[in-house]
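Working notes, structure below.
The values are calculated or read from the model by the stated rules, or taken from the named source; none is laboratory data. None of these values were measured; they are calculated from a predicted model. Because the Cβ atoms are built from the backbone with ideal geometry, glycine has one as well, and the counts that use them run over all protein chains shown.
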Amino acid sequence: MTDRSDGPQATRGDGKSAARGASPEPQPTTPPAKGAQGPTPRMALWFLLPALILLGAMVIYPIIFSIFRSFFDSAGDTFVGADNYTAIFTDASMLTTIRNNLIWVVIAPILVTTIGLIFAVLTERIKWATAFKLIVFMPMAVSLMASGVIFRLVYEQDPDKGVANAVITSVGDVFDSSQGYPGARPRENDAAPALENGAVVTRQPIQAGQPALLPLVGLKPDLLPADAVTAKAVTGPGVGGTVWLDFAPGGGGAVGKIDDNEKGMPGVTVEAVQQGAVKGTTTTAADGSFTFAGLPAGDYVMRLPQSNFTASFGGVSWLGPTLITPAIIGAFIWVWAGFAMVLIAAGLAAIPRDALEAARIDGATEWQVFRKITVPLLSPVLVVVFVTMIINTLKVFDLVFVIAPGSVQPQANVIALEMWRVSFGGGGNQGLGSALSIFLLVLVLPFMIINIRRFRREQQ
Amino acid sequence: MRKAKALAVVAGLSIVTAACGGADPAEPAPAANGASSAPAAKTLEGVTLEVAAKWTGEEQTNFEAVLKAFQDKTGAKVTYASTGEDTGAYLGPRIQGGNPPDIAILPQPGLVQQYAEQKALKPLASEVQAEIDKNYTPYWKELGSADGQVYGVLVKAAHKSLIWYRAPAFEEAGVQPPTDWATLLTAAQTVADSGTPPFSFCGASGWTLTDLFENVYLSTAGPENYDKLSKHEIPWTDASVTTALEKMAEITGKKEFVLGGSSTALQTEFPACVTKVYGEKKAAMIIEADFVAASASESGAKVGEDAKFFPFPKAGETEPVVLGGDIAVALKESKGAMALLQYLASAEGGAVWAKLPGYLSPNRNVPATTYPSPVTQQLAQTIIDAGESVRYDMSDLAPSAFGGTDGKGEWKYLQDFLRDPSDIKGIQEKLESEATKAWKK
């Protein structure tokens, strides 16, 4: 905006010195008088010509051509009327796209402005304000593409790679760490124990003197604790049995039988269940064997409760279909909060100190000062930041493109990205793409006008 | 043509050769100079050609070696231009501007149709067609054709019917490379029982899922149905598609078969899923093409020792061999261009290329023994053996809005299928409605 108003000013100034410092409104079309007052209209036109040609070729013509193109089909030779526009509002995936843009516009600018404001107010009070601001502003220096790549890694599901999940899981592990053997399960055959609600249960009731066999698989042998030894069958009068890893390394072991090279699973909780009620609980030894002491004679079902197999909390699926848009908005805030902070801090520095002092002397609390004095005085700057952010969120493209994995692109889609994808990313339907770009233009336009009006008013 | 000949005369002045004589072999005129080593007449002395392809790095070096062999043989001067990843975006403006390269190598058959419609392609000369008839199955000829006119030669193939496995993981579980669908399932189950998830899927890269589907479909439905579905002559709601998806669900739908479960698989992009098998050693198998070898060796695995493959087992009647590949077309009418295409289509040109690493020829007269490593020899042999039932990657034959765009068409709905394989009918209906839109019929 400022560039454009600078242009004519400069040329006018060079042309005749008298016009220097005049109002910034372009005047050449209404010359008061010929001569020393300014250039002739023809002369002015010459000076304006380079700018007009550039603007015409690079802004006006593309817009007009896009409008024209949006009424044609993908090949560009059949007039289809408003079909492309109706397609935007009838296609289900397009509606998701528009919904996503709405979420963006409602949430992102407010968060960015608020966080920027908080940072700006707080940094006013600290000693190393410049250093802090520099750090918060740093993400602005990174290209959006690179920020996207960074956050793609941050949000990685695997806690060994993704920082976000690494933090969450390590906090989670403090309270509830994984125990036992996550992933271990019975084989899929009729002789193997059954899986009921995550617990492993013998299919037949067991009586005393009749050892229960609970073979499990699906666990790497090297994940067994170091004290695990070769599995052993239980011989004896009581109710007992063996829980062991029924997989001989290299294969070849007999299914459902304890082989010489198969190890027991120590530390597994075993319950003896009779008619749905737990009658006894015990734990397996290093060779996987267990016995229940003092259990009355009768039929018991052996149950290994689910707690033996619960995996530790694997973290949040940031890049899954439900959280993808909030996750990308998080990255957006990281990039833009610094920008908002710098602008707001500049506004803050310009607030007259005496107003704040007066309020404090009158006994206002810091919160009241902030609410009633600082924010109202800052409001012009806040509106500029807010509107700029709205325009930025409407145009958001690269972050979504890079962060969302291919499989959730439809759930993360935004208008700008859809426009590119429809026109160039395979579909080649530049008619629909043009319609989308015009739709986007219509959405951005009101905010552009608000911004321009503000600039005008401020200049007057 | 005239100009080329005139140039040839000028060039021939110093060394008195019969360049302008062209086809006349009776006049090789052994020059007094050192140039006499040429075995035959250099028929294209002084002709310059430009070839555009997307290859860079080693692939470019290897292709330039083939071009060099052609230059040495004919005397023509060939320059190489790299189009970058998006060949269409490079060629489009050059065609519109009236200054296309003499020969372009297109990564998708769809582009052949597109440029043929724009009348940008030159039909192949009869000698080139004869060469194609001699060396290629009719299916490849048809792929390079539009409206009954032959325009292109398939010069480089990618073998997409492979399952790569990590040999130590198979040893640990005590399984052998499976030979049919049933043994694949038991092998996968055994590997899962040993504590290693059998498959690492690259769900975030939709094309890997279409490749898997194509193999299962070609195998269960047969080549005829495959052709029909490729052209959308049968709907995606067809029973044959249901069968293929059900088969596919036998491996993608089982929780312990998929590394990290479907949600992790759907966030994993192509080379990352290879790293998970060969670098992090978390899974045992990966279903993708020959080019997995490059990523596997980057992850530190030795191809042929740790990283091995077996042909995609047949899930139905047909042994599936699905290929991807690049098609060379002429964009300018010139004798040199046709001569180069003929050379590329010949067993001779194919053999020069085949001696270099990273290349597979769809040419059935390039013997498997030509290839430098046992791995590629084995790959080439499967292509030759498959003969008539070899098929081209179906998603690359489809309009790209359906078969090649993130978040759309086949990619999207196969990803949805990986996420939740229960609603096969619903997936088929959505595929059909997208296909109808893309084919406009």
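If I go through the range A:417-441 residue by residue, how many of them are within 25 Å of A:Pro326 (Cα to Cα) and away from every other protein chain (no Cβ under 14 Å)?
Total meeting the criteria: 5.
Tell me, which residue of the range B:384-411 that is within 9 Å of chain A (Cβ to nearest Cβ) and out of contact with any Gly (no Cβ under 6 Å at 6 or more places or on another chain) is surrounded by the most Cβ atoms within 10 Å (Cβ to Cβ)? It would help to see each step written out before you state the result.
So in the range B:384-411, the residues within 9 Å of chain A (Cβ to nearest Cβ) come out as B:399-409, B:411.
Subset that is out of contact with any Gly (no Cβ under 6 Å at 6 or more places or on another chain): B:399, B:403, B:407-409.
Working: B:Pro399: 21, B:Gly403: 25, B:Gly407: 22, B:Lys408: 25, B:Gly409: 27.
Once the filter is applied, the top-ranked residue is B:Gly409.
For the range A:232-249, give me the residue count where each residue is free of Cβ contacts under 8 Å to residues at least 60 places away in the same chain, more than 17 Å from A:Arg185 (Cβ to Cβ) and either of a type in the set (A, V, I, L, M, F, W, C) or in contact with a His (Cβ under 9 Å, 6 or more places away or on another chain) (or both).
Qualifying residue count, the range A:232-249: 3.
For A:Phe370, work out the one condition from (1) within 14 Å of chain B (Cβ to nearest Cβ); (2) among the hydrophobic types (A, V, I, L, M, F, W, C); (3) touching a residue at least 24 places away in the same chain (Cβ under 8 Å) it doesn't fulfil.
Only one criterion is unmet by A:Phe370, namely (1).
So, in the range A:410-460, how many residues would count as being on the phi > 0 side of the Ramachandran plot and without any contact (Cβ under 8 Å) to a residue 12 or more places away in the chain?
Filtering the range A:410-460 for residues on the phi > 0 side of the Ramachandran plot gives A:426, A:428.
Filter again for without any contact (Cβ under 8 Å) to a residue 12 or more places away in the chain, leaving A:426.
So the answer is 1.
Read through the list (1) over 21 Å from the mean Cα position of the chain (by Cα); (2) closer than 30 Å to B:Tyr226 by Cα, then give the number of the only condition that B:Gly336 fails.
All conditions pass for B:Gly336, except number (2).
Is it the case that A:Arg185 is of a type in the set (Lys, Arg) and either touching a residue at least 24 places away in the same chain (Cβ under 8 Å) or surrounded by 20 or more Cβ atoms within 10 Å (Cβ to Cβ) (or both)? Can you show your working first?
Values: of a type in the set (Lys, Arg): yes; either touching a residue at least 24 places away in the same chain (Cβ under 8 Å) or surrounded by 20 or more Cβ atoms within 10 Å (Cβ to Cβ) (or both): yes.
The answer is yes for A:Arg185.
Out of all the residues in the range A:150-165, is one or more part of a helix (DSSP H, G or I) and facing chain B (nearest Cβ under 10 Å)?
So in the range A:150-165, the residues part of a helix (DSSP H, G or I) come out as A:150-154, A:163-165.
Next, only the ones that are facing chain B (nearest Cβ under 10 Å) stay: A:152.
Yes: the range A:150-165 contains one or more residues that are part of a helix (DSSP H, G or I) and facing chain B (nearest Cβ under 10 Å).
Scan the range B:187-204 and give yes if some residue there is more than 29 Å from A:Asp246 (Cα to Cα) and more than 10 Å from chain A (Cβ to nearest Cβ), otherwise no. Step through it out loud before you land on a result.
At the first step, the residues of the range B:187-204 found to be more than 29 Å from A:Asp246 (Cα to Cα) are B:202-204.
Still in the list and also more than 10 Å from chain A (Cβ to nearest Cβ): none.
Checked against the condition, which is being more than 29 Å from A:Asp246 (Cα to Cα) and more than 10 Å from chain A (Cβ to nearest Cβ), the range B:187-204 yields no hits at all.
Just checking, does the range B:376-389 include any residue being of a type outside the set (Val, Ile, Thr), modelled with pLDDT of 90 or more and assigned to a helix (DSSP H, G or I)?
Just the residues of the range B:376-389 that are of a type outside the set (Val, Ile, Thr), to begin with: B:377-381, B:385-389.
Add one more test, that the residue is modelled with pLDDT of 90 or more, and what stays is none.
So far as the range B:376-389 goes, no, none of its residues is of a type outside the set (Val, Ile, Thr), modelled with pLDDT of 90 or more and assigned to a helix (DSSP H, G or I).
Given the condition of a type in the set (A, V, I, L, M, F, W, C) and in a helix (DSSP H, G or I), answer yes or no: does some residue in the range A:295-314 qualify?
Within the range A:295-314, the subset of a type in the set (A, V, I, L, M, F, W, C) is A:295, A:297, A:301-302, A:304, A:309, A:311, A:313.
Of the ones still in play, those that are also in a helix (DSSP H, G or I) are none.
No, every residue in the range A:295-314 fails to be of a type in the set (A, V, I, L, M, F, W, C) and in a helix (DSSP H, G or I).
Go through B:Thr252, B:Thr243 for me and flag whichever is within 17 Å of B:Lys425 (Cα to Cα), at pLDDT 90 or above and away from every other protein chain (no Cβ under 14 Å).
Working: B:Thr252 fails: away from every other protein chain (no Cβ under 14 Å).
Going through B:Thr252, B:Thr243 in turn, the sole match is B:Thr243.
Being hydrophobic (A, V, I, L, M, F, W, C), outside the structural domain of B:Met248 (by TED's automatic domain parsing) and either buried (at least 22 other Cβ atoms within 10 Å of the Cβ) or closer than 18 Å to B:Trp236 by Cα (or both) is the requirement here; does B:Leu418 meet it? Give the derivation first.
Working: hydrophobic (A, V, I, L, M, F, W, C): yes; outside the structural domain of B:Met248 (by TED's automatic domain parsing): no; either buried (at least 22 other Cβ atoms within 10 Å of the Cβ) or closer than 18 Å to B:Trp236 by Cα (or both): yes.
Here the answer is no, as B:Leu418 does not meet what is asked.
Can you work out which of the residues in the range A:408-436 that are surrounded by 23 or more Cβ atoms within 10 Å (Cβ to Cβ), polar (S, T, N, Q) and part of a helix (DSSP H, G or I) is modelled with the lowest pLDDT?
Checked the range A:408-436; the qualifying residue modelled with the lowest pLDDT is A:Gln409.
Would you pick out the residues in the range B:390-431 that are touching a helix residue (DSSP H, G or I) at 6+ places or on another chain (Cβ under 7 Å), of a type in the set (D, E, K, R) and at pLDDT 85 or above?
The answer is B:Arg391, B:Asp393, B:Asp396, B:Glu410, B:Lys412, B:Asp416, B:Arg419, B:Lys430.
Within the range B:189-208, identify whether any single residue is buried (at least 21 other Cβ atoms within 10 Å of the Cβ) and under 17 Å from B:Gly110 (Cβ atoms), and answer yes or no.
Within the range B:189-208, one or more residues are buried (at least 21 other Cβ atoms within 10 Å of the Cβ) and under 17 Å from B:Gly110 (Cβ atoms).
Name the single residue that is nearest to the other protein chains (Cβ to nearest Cβ) among those in the range A:271-294 being part of a loop (DSSP other than H, G, I, E, B) and under 16 Å from A:Leu224 (Cβ atoms).
Quick first cut of the range A:271-294, residues part of a loop (DSSP other than H, G, I, E, B) only: A:275-276, A:284-288, A:293-294.
Filter once more, so that each one left must be under 16 Å from A:Leu224 (Cβ atoms): A:284-288.
Values: A:Thr284: 19, A:Ala285: 22, A:Ala286: 20, A:Asp287: 20, A:Gly288: 16 Å.
Top of the filtered list is A:Gly288.
Taking the stated definitions as given, is B:Gly358 small (Gly, Ala, Ser) and within 14 Å of another protein chain (Cβ to nearest Cβ)? If you could, list the steps in order and put the result at the bottom.
Numbers: small (Gly, Ala, Ser): yes; within 14 Å of another protein chain (Cβ to nearest Cβ): no.
No: the conditions fail for B:Gly358.
Can you find a residue in the range B:258-271 that is free of Cβ contacts under 8 Å to residues at least 24 places away in the same chain, facing chain A (nearest Cβ under 10 Å) and under 27 Å from A:Gly406 (Cβ atoms)?
Yes: the range B:258-271 contains one or more residues that are free of Cβ contacts under 8 Å to residues at least 24 places away in the same chain, facing chain A (nearest Cβ under 10 Å) and under 27 Å from A:Gly406 (Cβ atoms).
Any idea which of (1) out of contact with any Asp or Glu (no Cβ under 6 Å at 6 or more places or on another chain); (2) surrounded by 17 or more Cβ atoms within 10 Å (Cβ to Cβ); (3) of a type outside the set (Phe, Trp, Tyr) is the one B:Gln118 doesn't satisfy?
(2)
With (1) more than 14 Å from every other protein chain (Cβ to nearest Cβ); (2) modelled with pLDDT of 85 or more; (3) surrounded by fewer than 17 Cβ atoms within 10 Å (Cβ to Cβ) as the list, and B:Thr436 as the residue in question, which single condition is left unmet?
Only one criterion in (1) more than 14 Å from every other protein chain (Cβ to nearest Cβ); (2) modelled with pLDDT of 85 or more; (3) surrounded by fewer than 17 Cβ atoms within 10 Å (Cβ to Cβ) is unmet by B:Thr436, namely (1).
Of the residues that sit in the range B:62-77 and are farther than 15 Å from B:Lys156 by Cα and of a type in the set (A, V, I, L, M, F, W, C), which one is surrounded by the most Cβ atoms within 10 Å (Cβ to Cβ)? Please lay out each step first, then the result.
Initial filter on the range B:62-77 (farther than 15 Å from B:Lys156 by Cα): B:68-77.
Subset that is of a type in the set (A, V, I, L, M, F, W, C): B:69-70, B:76.
On the way: B:Ala69: 16, B:Phe70: 23, B:Ala76: 27.
Among them, the one singled out is B:Ala76.
Which of the strands (runs of 3 or more DSSP E) found entirely inside the range A:184-270 contain at least 1 residues meeting this: touching a helix residue (DSSP H, G or I) at 6+ places or on another chain (Cβ under 6 Å) and more than 14 Å from chain B (Cβ to nearest Cβ)?
Details: elements: A:194-196, A:199-201, A:212-216, A:239-245.
Once the strands (runs of 3 or more DSSP E) in the range A:184-270 are filtered for at least 1 residues that are touching a helix residue (DSSP H, G or I) at 6+ places or on another chain (Cβ under 6 Å) and more than 14 Å from chain B (Cβ to nearest Cβ), what remains is A:199-201.
Does the range A:364-381 hold any residues that are among the β-branched types (Val, Ile, Thr) and surrounded by 12 or more Cβ atoms within 10 Å (Cβ to Cβ), and which are they? Steps first, please.
From the range A:364-381, those among the β-branched types (Val, Ile, Thr) are A:365, A:369, A:373-375, A:381; that's our starting set.
A:Val369, A:Ile373, A:Thr374, A:Val375, A:Val381 - these are the residues of the range A:364-381 that are among the β-branched types (Val, Ile, Thr) and surrounded by 12 or more Cβ atoms within 10 Å (Cβ to Cβ).
Of all residues in the range B:364-375 being part of a loop (DSSP other than H, G, I, E, B) and more than 25 Å from B:Gly222 (Cβ to Cβ), which is nearest to the other protein chains (Cβ to nearest Cβ)? Give the derivation first.
If we filter the range B:364-375 for residues that are part of a loop (DSSP other than H, G, I, E, B), which is where we start, we get B:364-367, B:371-373.
Among the residues that remain, those that are also more than 25 Å from B:Gly222 (Cβ to Cβ) are: B:365-367, B:371-373.
Working: B:Asn365: 35, B:Val366: 33, B:Pro367: 38, B:Tyr371: 33, B:Pro372: 33, B:Ser373: 29 Å.
Residue satisfying both the conditions and the ranking: B:Ser373.
Step by step: first the residues of the range A:402-415, then only those that are within 16 Å of B:Glu269 (Cβ to Cβ) and more than 9 Å from every other protein chain (Cβ to nearest Cβ), then the one that is nearest to the chain's Cα centre (by Cα). Which residue is that?
A:Ile403
Before we move on, is A:Leu399 hydrophobic (A, V, I, L, M, F, W, C), under 25 Å from the mean Cα position of the chain (by Cα), more than 14 Å from chain B (Cβ to nearest Cβ) and in a helix (DSSP H, G or I)? Write out each step before concluding.
Details: hydrophobic (A, V, I, L, M, F, W, C): yes; under 25 Å from the mean Cα position of the chain (by Cα): yes; more than 14 Å from chain B (Cβ to nearest Cβ): yes; in a helix (DSSP H, G or I): yes.
It is true that A:Leu399 is hydrophobic (A, V, I, L, M, F, W, C), under 25 Å from the mean Cα position of the chain (by Cα), more than 14 Å from chain B (Cβ to nearest Cβ) and in a helix (DSSP H, G or I).
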